[in-house]
1. What is the distance, in nm, between label points placed 7 Å from the Cα along the Cα-to-Cβ direction at A:Arg229 and at A:Asp377?
2. Can you tell me the convex hull volume per residue for segment A:12-95, based on C-alpha atoms, in Å³ to the nearest whole number?
3. How much net charge surrounds B:Ile318 when only other residues with a Cβ under 10 Å from its Cβ are counted (Lys, Arg +1; Asp, Glu -1)?
4. Provide a whole-number value for the mean count of partner chain Cβ atoms within 10 Å of the Cβ atoms in peptide B:63-76.
5. Could you give P(r) for segment A:138-370, binned at 10 Å from zero, as whole percent values over all Cα-Cα pairs?
6. Give the nm distances, rounded to one decimal, from A:Asp43 to the matching residue in every other copy, measuring between label points 7 Å along Cα toward the beta carbon; shortest first.
7. Working out 0.36 nm times the residue gap between B:Lys301 and B:Arg39, then minus their Cα-Cα distance, what length gain in nm do you get to one decimal?
8. Quick check: residue separation of A:Thr416 and A:Glu111 times 0.36 nm, minus the Cα distance between them. What number comes out in nm?
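The values are calculated or read from the model by the stated rules, or taken from the named source; none is laboratory data. Keep in mind it's a predicted model, so treat the numbers as computed, not measured. Cβ sites come from the backbone with ideal geometry, for glycine too, and all protein chains shown count toward neighbours. The accessibility values were calculated without ligands, DNA or RNA, using every heavy atom of the protein model including side chains. Shrake-Rupley method; radii C 1.70, N 1.55, O 1.52, S 1.80 Å.
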2 protein chains.
Amino acid sequence: MWELDRTSAKPLYKQIADELEQKIAYGEFPAGSVLPSERKLADQLGVNRSTVVLAYSELRSLGILESRPGSGTRVSVTKWGVTPKHTPNWHRYAEGGSFLPSPPFLRRIREALELDPSMIDFAGGELAAELSPLEELHAIMSEKWPVMYLGYDNPQGYEPLRDTLVSFLREYRGIHTAASSILITSGSQQSLYLITQCLLSPGDAVAIEDPSYCYSLPMFQSAGLRLFRLPVDEQGIHPDDIYELYHKHRIKMIFLNPNFQNPTGALLSPERRERLLHIAGELGLPIVEDDPFSMTAYDGKPAPSLKSADRAGSVLYIGSFSKMAASGLRVGWMVAPHSIVKRLSDARQQMDFGLSVVPQQVAAQFLNSRYFLPHIDRLRSRLRHKRNLTIAALERELPGMIRWRHPEGGLHLWCTIAPEVNDGKLLEACIQRGMVFVPGSVYGSASGHVRFTYGRANTEDIPEGISRFAAALRSILN
Amino acid sequence: MWELDRTSAKPLYKQIADELEQKIAYGEFPAGSVLPSERKLADQLGVNRSTVVLAYSELRSLGILESRPGSGTRVSVTKWGVTPKHTPNWHRYAEGGSFLPSPPFLRRIREALELDPSMIDFAGGELAAELSPLEELHAIMSEKWPVMYLGYDNPQGYEPLRDTLVSFLREYRGIHTAASSILITSGSQQSLYLITQCLLSPGDAVAIEDPSYCYSLPMFQSAGLRLFRLPVDEQGIHPDDIYELYHKHRIKMIFLNPNFQNPTGALLSPERRERLLHIAGELGLPIVEDDPFSMTAYDGKPAPSLKSADRAGSVLYIGSFSKMAASGLRVGWMVAPHSIVKRLSDARQQMDFGLSVVPQQVAAQFLNSRYFLPHIDRLRSRLRHKRNLTIAALERELPGMIRWRHPEGGLHLWCTIAPEVNDGKLLEACIQRGMVFVPGSVYGSASGHVRFTYGRANTEDIPEGISRFAAALRSILN
Ligand SMILES: Cc1ncc(COP(=O)(O)O)c(C=O)c1O
Ligand SMILES: Cc1ncc(COP(=O)(O)O)c(C=O)c1O
């Protein structure tokens, strides 16, 4: 919100009223739009509720605002009915374009976390502060950096980072590639965006896992893609399911997250990997291998990437700094045939002129540093510990009422609730009790599935968080 | 490219042949694709041309490559004719989606700069290293930073940066806004991308300046917009031209760069600003005010922003760190009604999960630092000096042959060549002589216009660069 001047002679309520009037005149709150409740605005501005009550009533007396019981305070349509022809109809513009908003559950969760920072967070798909190498990244950022030119950079990404990734990918993911085949992106998210926007056309059919992180991304629908499902069991998808989707729907691409899949934690078995590559080769079908979690393998032995066994050149490989170090750095990468890299970096040039070089320098330094391996070791054992704590709490709190898949890496625990429950009600009951999780329906599953991201919750909050969840579940079952 | 192992017992030519064979097998060079010329690959790998000749001939003898005189070396279609059904048809995928590649002249310029780093650059639309506050940014980056959590951040942007911008915009651009109405973007480029993708629909008509930076952006065509022209003279566009475009084509939005316009350097006059806002208000038409250059005003007195006089709430304001400090940081901002900010940040969430927080911290620190004002003063006087040098060189080298607009801010000099010339030929002749500029046709103008970005060229190279340009021009006129 804006700042109030507490030293001014102008009373606070008057400052608020004037500021609101100006925002309304500027079109920031168009005619008919709802203002924040008195309590909420008072909280945001750090004033007494009575001060806001006074400001609103001042504006009501001027005919600028109108309140009706039950429907809050709105910008008057009659008073400002003279201006709509002046102010662009911003609401109409906001409905243009083809971008869908985020799924309502995800917005609800974000909102709950913003309102109450003490909420125990089993929802955010990222590392808790205690797992992120913050001290190490901080040490790297505070190093004496060489002074270098900060101009528009190669749209494919900062070259020293791409060189670093050539070694990283060879050493840890068995991928032999060249810097010219790597595109640096703003996390895996931008890789997925570029692929869906630039390599596919509206109406194209694609296969995704069921359940899948991709269902939580309106990106796929925004791109006009038709989605078909490949059910995931403990060992991942069944490759032979691909034939049917191919023949029935002419799918053009397969999106997979084969290592510690989000949300199920499943690890695609070696036999299925081989069969999958065989089928993709036979059908000439590209596979997008989204691989953010493999480095977290709790036993210290990440399964080889699909790409490393990709003799037919079917695989576009996507990696990210997010789940192994820090998502806020926004550094991801894609390995693809050079023609694809060129195409995507051309398109990307139009979107944002490439990524800032600073986080790319930090990521490159970190991957090359003596901090990297000890951090990964620590990350693995701490994640395993959190998984164990979560499972122990579930066994204690909800014996016989909930089942889960046992993940050997990644951040997520995928659960099925035995009694019938309504996702939305359960989430609301949990929010009331101060914890959030992600309902399975966000990933395309039926009601009654739950994703607990133990990687996000603080270790000491895990037992309490699960206990709140259990209380919420019991409250709606009664 | 890849690395050769010069200590290995395996001869270099064999290493090259093996690596190429693998890349071909992996689909990185599909059947029928053209390989780099022997000379080019030799340059890239830092080996003798004869080594590459040997590698290619090895692969030819295996039937993997085929060469035909005049059409270079290709991956054999006959040999690999057995595999096309295995490797996805990447070329076809690369043609999918709706993103057009960059205009050919811009790609040609980029290529020329990559091949010859000693090229004198009057083309890049950004600050030369000597103008960018590199030491200062470096000092800020090397400061002791507080250790903070680096998780997914607010998709609207890092809050301390938005707070900083509230003061910056008030103080320097006369804009009174709140952090909740600011969206941080990856430069102005991403602001323009979000607006064209999310607030407009394919087929919508919009007005842009003629000539205009926007013509150089395939983004507008990729979004399926129909573009209509508002001619720019020394004082900017003629606002009354808007009526005709509105009634004839139902334009939905106006894109303007009113301060030191790219490419003409024009500054919209105060009378026209007032008239423009009146007309926009009357028609309920939104204006996008793209304002990257205003802080460079050579007299130290930037004209007030359009937004500052926007009583009807017609203006979406876009600013950027690029042209006043460093484009490689990729930090820009937009001021818009809250409903628009929400909509765009939702969409942006799908594209890249927001900007890295690190460059946002650096930008915020810099704007708040004691470095900022002295830097801006220095920038202004140095840019003015460069403008004077460029004009003096043109007067000396090409008397009577070239006219220009006299810019009082910004980075660009817009020229008209008196004799008839062909843009493409002139550019090639300049590249041969070691200098690049941007042909006016990139901005939608007829042949015979030239943009010299004196802000990009190094001061000491300016006279030599213009002298090369003059020699190139003379060579094609003869
Ligand atoms: C499977 C998967 N892919 C991609 C992403 C995007 O992450 P980022 O863009 O931070 O790399 C996520 C984040 O949750 C994910 O779980
Ligand atoms: C008028 C104008 N707008 C926007 C941009 C984009 O710049 P950035 O994304 O670096 O802010 C440029 C760059 O040349 C420009 O000249």
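1. With each label point 7 Å from Cα toward Cβ, the separation is 4.4 nm.
2. In segment A:12-95, the Cα hull volume divided by residue count equals 97 Å³.
3. -2
4. That works out to 0 on average.
5. Here the calculated profile for segment A:138-370 is 7, 33, 37, 18, 4, 1.
6. Nearest to farthest, the other copies are at 6.3 nm.
7. 89.0 nm
8. Once the chain is fully extended between A:Thr416 and A:Glu111, it gains 107.3 nm.
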